[in-house]
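Here it is, the structure in full.
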Amino acid sequence: MSYALRRLVHSFFVLWAIVTILFLMFRLMPGNPLAAYINEQLTEEDQRLIMVQFGLDRPLYEQYLIYIANLFQGNLGMSFFRREPVWDVLKSALPNTLILTISGLVMAYVFGVLAGAWLATKRGTLAEGVIVPIALATRAAPEFWIGMILLTIFAFTLGWFPAGGANSPGATYASEWSRIFSFDFLLHITLPALTLALYLQGLPLLLMRSTMLEILHEEFITMSKIKGLSPWRITLHHAARNALLPVVTAFALGLGATLGGNVVVETVFSWPGLGRVLVSAVSQSDYPLAQGAFFLISLVLITLNFFVDLVYGLLDPRVSHG
Amino acid sequence: MANPAVLGRTAARSRSVFREGAARILRDPFSVAGLSIYLVLILIAIFADQLMTHDPTQILFRPNGRVANNQPPGGAFLLGTTNLGRDIYSQLVAGSRNALMVGLAAAISVAAIGTLIGLLSGYFGGKIDAFLMRLSDVALAIPFLPFVIVLSGFFRANTWNVVIAVALLLWPNTARVIRAQVLTVKERAYVEAARVTGASDMRILFTHVAPNILPLTFLYGSVAIGWAILTEAAVSFVGFGDPSRMSWGYMLQDAFVSQALSRGSWNWFLPPGICIILVVVAGFFLARGAEEVLFPKLRS
């Protein structure tokens with residue numbers, strides 16, 4: 001229990017640090033933060049009023065306290081460009097990003113772990129000689145480039161899948177859930193999720209393979225062989241179980257890269273998620289929206305990391321009782 | 001005052017470690033492949049001006065006076081042309097310079113910051129260690145690509161911003177491994193001997209401890225090359241790249257927004273991606289070879 005509490009305190013500390021960096025970063029940006037908001041027709045007096053309205057006339061530490069207080073109340077401010085609350089913009093993008101990330105991760109790790117375990121039993125065969133370099137190459141490829149290749153083959157040449165978006169234009173749904181479980185949504189998510197999965201599967205596959213190779217030499221495996229257990233049973237029940245721990249670690253360490261990498265995948269497939277909101281906010285100099293999107297991405301990341309830490313503590317008692 | 005005999009022995013030891021390591025790296029086919037790719041990249045970057053057949057940004061014309069847009073590979077245009085009649089092969093060659101520069105600058109800064117912090121953290125311990133490790137926790141928790149995009153989007157679009165962002169966020173991995181290594185090295189007898197002879201902390205740190213962790217620095221530096229090139233490509237792709245510089249990421253963005261995908265212009269968007277893969281893979285291969293030298297237990 002004290003382990004969970006320690007991790008929670010740590011998560012809050014990291015969140016506070018990121019929020020502070022975020023605040024300073026956006027205040028240190030060159031130019032007036034209102035440059036994009038104020039148009040030329042406004043008089044000096046109007047501009048001053050807007051500065052007051054956004055609290056930009058106060059000392060920096062007061063702005064910081066107001067900013068923190070607003071965050072606690074879930075108030076992320078108003079988007080300069082879209083003239084609506086930042087939270088409303090983010091709220092509609094968040095589910096799309098979460099679903100995309102989770103389906104990509106699940107596909108990648110299920111496939112990677114199984115294929116890696118299987119590959120460990122094929123040491124020195126042709127399969128190893130072909131699959132290992134391919135796995136390495138997908139890890140080294142730019143994520144968006146994998147997306148471009150899939151898009152060209154499956155959307156433009158074969159026409160099996162739509163080229164972008166999360167739903168067909170004009171479609172209406174009774175609720176968010178009915179939208180997400182529609183066949184149309186499934187068609188749209190296939191290529192971006194596959195891109196993410198292709199990019200991510202290399203790490204669990206290679207890691208699982210190398211840890212399995214180490215474990216297969218250990219004495220308890222020899223013992224199981226002497227006991228006459230089937231090779232399949234030895235691989236899955238005895239070796240794979242012990243090889244999973246480094247994979248969970250890699251999963252946790254990779255979360256940040258995954259969530260961040262979404263930005264480019266969402267751009268390739270015009271996927272209406274947080275990453276695209278961030279990119280368009282930055283290119284429109286929409287400071288509050290960019291700040292909000294960055295904050296939410298960080299928050300999701302910290303939350304996921306917290307849960308992974310807990311699972312890790314359960315899998316390896318040495319961690320939680322250390 | 002350090003004992004010259006101890007010093008001499010340490011120097012000889014680290015020199016032989018290096019020579020043995022270099023020999024082993026050259027015996028590993030993966031490392032040789034990685035080194036060869038780097039060598040080719042460096043040569044192409046140096047002789048880019050001689051290798052280019054056209055000006056990579058110039059709009060080219062056919063003999064009949066019409067713009068040579070969307071030309072297939074072959075003939076005067078080795079890899080064909082873009083939708084605006086620019087030579088793809090020459091862009092690819094010009095992009096190698098950017099890749100080399102970004103990769104090297106990022107690798108050097110990540111390795112330098114990571115090594116310095118790892119050394120200080122591991123050697124001094126206590127409050128310094130606690131502070132630096134909390135700092136690394138925070139750096140690791142920041143979503144990487146969004147941070148780079150915000151930084152290069154709001155400040156002037158500039159290749160150096162990508163390098164700075166990569167250095168700011170990637171040092172913790174290096175620092176942590178080096179810290180762990182320093183913790184074991186500083187307990188060794190020769191460090192103890194140096195301390196007994198009255199060597200200062202700084203002297204012990206930089207003449208006795210640092211040489212033993214340098215191979216790790218190279219290992220993490222070579223991985224950072226790939227990360228920096230991938231990051232620069234991603235930033236260029238979402239449109240915040242340096243407009244004054246030809247890069248492989250810019251080429252991919254150009255192809256994407258110019259509908260090269262729906263036209264099926266494979267000759268445009270395939271080559272830059274393959275170049276990026278080769279350079280990043282080279283880093284992986286070299287790291288793999290270096291790992292086997294550093295951690296002989298892994299050798300099978």
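What follows is calculated from the coordinates using simple rules that are stated; it is not laboratory data. This structure is a prediction, so every number in the text was calculated from the model and none was measured. Don't worry about glycine lacking a Cβ; one is built from the backbone with ideal geometry, like all the others, and counts go over all protein chains shown.
Put +1 on the Cβ of every Lys and Arg and -1 on every Asp and Glu Cβ in the protein assembly as shown; which of A:T125, A:S280, B:L120 then has its Cα farthest towards the positive end of the dipole?
Among A:T125, A:S280, B:L120, the one farthest towards the positive end of the dipole of the protein assembly as shown is A:T125.
Going by the alpha-carbon gyration tensor, a ≥ b ≥ c the square roots of its eigenvalues, is the protein assembly as shown rounded (a/c under 1.5) or, if a/c is not under 1.5, prolate (a/b greater than b/c) versus oblate?
rounded
Select from B:F47, B:S236, A:I18 the residue farthest towards the positive end of the dipole of the protein assembly as shown; place +1 on Cβ of Lys and Arg, -1 on Cβ of Asp and Glu, and compute about the Cα centre.
B:F47
What would the Debye equation give as log₁₀ I(q)/I(0) for the range A:156-220 at q = 0.17, 0.18, 0.23 Å⁻¹, counting only Cα atoms as equal point scatterers?
-0.72, -0.76, -0.97
Under 19 Å from the Cα of A:K122, which aspartates and glutamates turn up, not counting those fewer than eight places away in the same chain?
Counting by Cα, and skipping residues close in sequence, A:K122 has these aspartates and glutamates nearby: A:E214, A:E218.
Also, I was wondering about something else. Net charge within 12 Å of A:R82 by Cβ-Cβ distance, Lys/Arg positive one each and Asp/Glu negative one each, not counting A:R82 itself?
Working: positive: A:R83; negative: A:E84, A:D88, A:D286.
Here the charged neighbours net out to -2.
Give me A:S92, A:S11 sorted ascending by neighbouring Cβ count inside 10 Å, so fewest comes first. Don't skip to the end; give the middle numbers.
Values: A:S92 12, A:S11 18.
Ordered by Cβ neighbours within 10 Å, fewest first: A:S92, A:S11.
Which of the GluC sites (Glu not before Pro) found in the range B:137-235 are loop residues per DSSP with 14 or fewer other Cβ atoms within 10 Å of their Cβ? Could you put the intermediate results ahead of the total?
Values: sites: B:E187, B:E192, B:E232; in loops: B:E187.
Qualifying residues, ordered by number: B:E187.
A further question follows. Shape call for the range B:105-299 from the C-alpha gyration tensor, a ≥ b ≥ c root eigenvalues: rounded (a/c under 1.5), prolate (a/b greater than b/c) or oblate?
Since a/c reaches 1.5 and a/b is larger than b/c, the shape of the range B:105-299 is classed as prolate.
While we're here: Take every residue in peptide B:246-255, count the Cβ atoms of other chains within 10 Å of its Cβ, and give the average of those counts. Can you show the working numbers first?
Numbers: counts 0, 0, 2, 3, 0, 0, 5, 2, 0, 2.
Whole-number average of other-chain Cβ neighbours for B:246-255 is 1.
Ignoring solvent entirely, what values of log10 I(q)/I(0) come out of the Debye formula for chain A at 0.12 Å⁻¹ when each Cα is a single scatterer?
Computed log10 I(q)/I(0) values: -0.98.
For the Cα atoms of chain A, what angle does the longest principal axis make with the long axis of helix A:241-268, in degrees from 0 to 90, nearest 10?
Approximately 40 degrees, to the nearest 10.
Also: List the trypsin sites (Lys or Arg not before Pro) within the range A:184-287 that fall in a DSSP loop (any state other than H, G, I, E or B) and whose Cβ has at most 10 other Cβ atoms within 10 Å. Before the final figure, lay out each step's value.
On the way: sites: A:R209, A:K225, A:K227, A:R233, A:R241, A:R276; in loops: A:K227.
Within the range A:184-287, the qualifying trypsin sites (Lys or Arg not before Pro) (loop, at most 10 other Cβ atoms within 10 Å) are A:K227.
Which value, in debye to the nearest 20, gives the size of the charge dipole of the range A:89-317 about its Cα centre, when Lys and Arg are +1 and Asp and Glu are -1 at the Cβ? Mind dumping the intermediate values first?
Values: 11 positive and 11 negative charges, 101 e Å.
About 480 debye.
Right, another one. When the helix-only estimate is applied to chain A (DSSP H runs of n ≥ 4, each -39,500 (n - 2.57), divided by the residue count), what is the mean residue ellipticity at 222 nm, nearest 500 deg cm²/dmol? Mind dumping the intermediate values first?
Values: 14 runs with 224 residues, N = 322.
Value at 222 nm, helices only: -23000 deg cm²/dmol.
Positive end of the dipole of the range A:155-286, charges at C-beta (+1 Lys, Arg; -1 Asp, Glu), about the Cα centre: which of A:Q201, A:G164, A:I189 has its Cα farthest in that direction?
Among A:Q201, A:G164, A:I189, the one farthest towards the positive end of the dipole of the range A:155-286 is A:Q201.
Between 0 and 90 degrees, rounded to the nearest ten: what's the tilt of helix B:144-154 against the longest Cα principal axis of chain B?
Roughly 60 degrees, rounded to the nearest 10.
So which chymotrypsin sites (Phe, Trp or Tyr not before Pro) in the range B:33-120 are both in a DSSP loop and have at most 12 other Cβ atoms within 10 Å of their Cβ? Intermediate values should be presented prior to the final figure.
Values: sites: B:Y38, B:F47, B:F61, B:F77, B:Y89; in loops: B:F47.
Within the range B:33-120, the qualifying chymotrypsin sites (Phe, Trp or Tyr not before Pro) (loop, at most 12 other Cβ atoms within 10 Å) are B:F47.
A follow-up question, please. What's the longest uninterrupted piece of chain B once you rule out the trypsin sites (Lys or Arg not before Pro) that are loop residues per DSSP with at most 16 other Cβ within 10 Å? Intermediate results must be reported in sequence, preceding the final value.
Working: sites that count: B:R66, B:R156, B:R188, B:R263, B:R299.
It works out to B:67-155.
Net charge near B:P172: determine it from the other residues with C-beta under 12 Å of the C-beta of B:P172, scoring Lys and Arg +1 and Asp and Glu -1.
Values: positive: B:R134, B:R176, B:R179; negative: B:D137.
Taking every Cβ under 12 Å from that of B:P172, the sum is +2.
Tilt of helix B:248-257 relative to the longest C-alpha principal axis of chain B, in degrees (0 to 90, nearest 10)?
For helix B:248-257, the angle is close to 40 degrees.
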